[in-house]
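Q: First the structure, which I've put down as structure tokens, then a few questions once you've had a look.
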Amino acid sequence: MDWGMKNRFSKIIRPDTGRTVMLAVDHGYFQGPTTGLEEPRKTVEQLLPYADALMLTRGVLRTSIDPAVSTPIVLRVSGGTSILKELSNEGLTTSIEDAIRLNVSAVTMSIFVGGEYERQTLLNLSKLVNLGERYGIPVLAVTAVGRDMNRDARYLGLACRIAAELGAHFVKTYFCEDFEKVVRGCPVPLVVAGGKKIPEQDALQLTYNAIHAGAVGVDMGRNIFQSEAPVAMIKAVRSIVHENATVDEASILYNLLKAEETKPKVPAQ
Ligand code: R5P
């Protein structure tokens, strides 16, 4: 990695802890106005101070995020599909020049290993890595999992290793049983997605398990912004990732902060 690439990378993965809490709000690029993200500006505003990086598309970045923000941006540059059709048929949507103009810290796209358009998405990744190398911009590969795939260590290990072999600088994947095996087989840092909304305690457990199995952090979306108390949740996740809190400690913190966040506001007299 050259200096520029290392510099961008260190904005995403905190050098003091070697870990990261990324906030993913890119879901709309294929599923439209996702619950909790109907108005991205409102959702993101309150969470931004607690996110080490923000993952989103250029459309939402331009329309909904204050350009004065200091949070590093991980820009999704793949798409072209919707939940109504074959999801693996993605292309690269955003030029590297636009990513540079937007001053992003990394670019990201999905690969669909085992999907109908597997080859196309893997070649997209290779092309994006070539562009990232040219301009010093790290590439985050997301291992998207098709309906017919098993989210197990064998499958995720395969997908993550392929992403790393093609040159991805870090990889986002799902947590699974025997996640240590996925970590061991992947020579670049891994962050885990949260997946569908689950109870807060379970999402905190997932975070804890992922970190203790060797992930460098989370790139979490729905389990934060769909939580009853999103700010409390991201703070609880941070306590595990950056402060080595246990699940019990993080749950206590979540419940304390939730009580505050959900307290009915008394109108000013
Ligand atoms: C999916 O491809 C997107 O990258 C999402 O941002 C990702 O799944 C992470 O969000 P969540 O924690 O909601 O799964």
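Q: Find the helices (runs of 4 or more DSSP H) located wholly in the range 200-244 whose residues include 3 or more that are farther than 18 Å from His27 by Cβ, and list them.
A: So the answer is 200-212, 230-243.
Q: Now, a different point. Take the range 14-72 and flag every residue that is more than 15 Å from the ligand (Cβ to nearest atom), of a type in the set (A, V, I, L, M, F, W, C) and over 25 Å from Ala245 (Cα atoms).
A: Those that are more than 15 Å from the ligand (Cβ to nearest atom), of a type in the set (A, V, I, L, M, F, W, C) and over 25 Å from Ala245 (Cα atoms): Ile65, Ala68, Val69.
Q: Okay, moving on. Return the total of residues in the range 147-187 being open to solvent by 30 Å² or more (accessible area, probe 1.4 Å), in a loop (DSSP other than H, G, I, E, B) and of a type outside the set (Phe, Trp, Tyr).
A: 10
Q: Next question. Here are the criteria: (1) out of contact with any Gly (no Cβ under 9 Å at 6 or more places or on another chain); (2) touching a residue at least 12 places away in the same chain (Cβ under 8 Å). Tell me which single one Pro15 does not satisfy.
A: In the conditions (1) out of contact with any Gly (no Cβ under 9 Å at 6 or more places or on another chain); (2) touching a residue at least 12 places away in the same chain (Cβ under 8 Å), Pro15 misses (2) alone.
Q: In this structure, is Arg238 away from the ligand (no atom under 13 Å from the Cβ), in contact with a helix residue (DSSP H, G or I) (Cβ under 9 Å, 6 or more places away or on another chain) and open to solvent by 50 Å² or more (accessible area, probe 1.4 Å)?
A: Considered against the rule, which asks whether it is away from the ligand (no atom under 13 Å from the Cβ), in contact with a helix residue (DSSP H, G or I) (Cβ under 9 Å, 6 or more places away or on another chain) and open to solvent by 50 Å² or more (accessible area, probe 1.4 Å), Arg238 comes out as no.
Q: Looking at (1) assigned to a loop (DSSP other than H, G, I, E, B); (2) free of Cβ contacts under 8 Å to residues at least 24 places away in the same chain; (3) of a type in the set (Gly, Ala, Ser), which one does Ser10 not meet, given that it meets all the others?
A: Going through the list (1) assigned to a loop (DSSP other than H, G, I, E, B); (2) free of Cβ contacts under 8 Å to residues at least 24 places away in the same chain; (3) of a type in the set (Gly, Ala, Ser), Ser10 breaks only (1).
Residues checked against (1) in a loop (DSSP other than H, G, I, E, B); (2) in contact with a helix residue (DSSP H, G or I) (Cβ under 7 Å, 6 or more places away or on another chain); (3) surrounded by 14 or more Cβ atoms within 10 Å (Cβ to Cβ):
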{"position": "Thr17", "(1), (2), (3)": "yes, yes, yes"}
{"position": "Thr20", "(1), (2), (3)": "no, yes, yes"}
{"position": "Thr35", "(1), (2), (3)": "yes, no, no"}
{"position": "Thr71", "(1), (2), (3)": "yes, yes, yes"}
{"position": "Ser82", "(1), (2), (3)": "yes, yes, no"}
{"position": "Ser88", "(1), (2), (3)": "yes, yes, yes"}
{"position": "Glu97", "(1), (2), (3)": "no, no, no"}
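Q: Go through the range 133-146 residue by residue and tally those that are more than 18 Å from the chain's Cα centre (by Cα) and open to solvent by less than 10 Å² (accessible area, probe 1.4 Å).
A: 1
Q: Given the structure, is Gln201 within 15 Å of the ligand (Cβ to nearest atom) and either modelled with pLDDT of 95 or more or over 28 Å from Arg147 (Cβ atoms) (or both)?
A: Judged against the criteria, Gln201 is not a match.
Q: List pairs: first residue in the range 19-48 and farther than 30 Å from His212 by Cβ, second residue away from the ligand (no atom under 13 Å from the Cβ) and open to solvent by 50 Å² or more (accessible area, probe 1.4 Å) anywhere in the structure, Cβ distance under 7 angstrom, at least six positions apart or on different chains.
A: none
The values are calculated or read from the model by the stated rules, or taken from the named source; none is laboratory data. This one's a predicted model, so the numbers in the text were calculated from it and none came from an experiment. So basically every Cβ, Gly included, is an ideal-geometry build from the backbone, and we count neighbours across all protein chains shown. Calculation scope for accessible area: heavy atoms of the full protein, side chains included, ligands and nucleic acids excluded. Shrake-Rupley method; radii C 1.70, N 1.55, O 1.52, S 1.80 Å.
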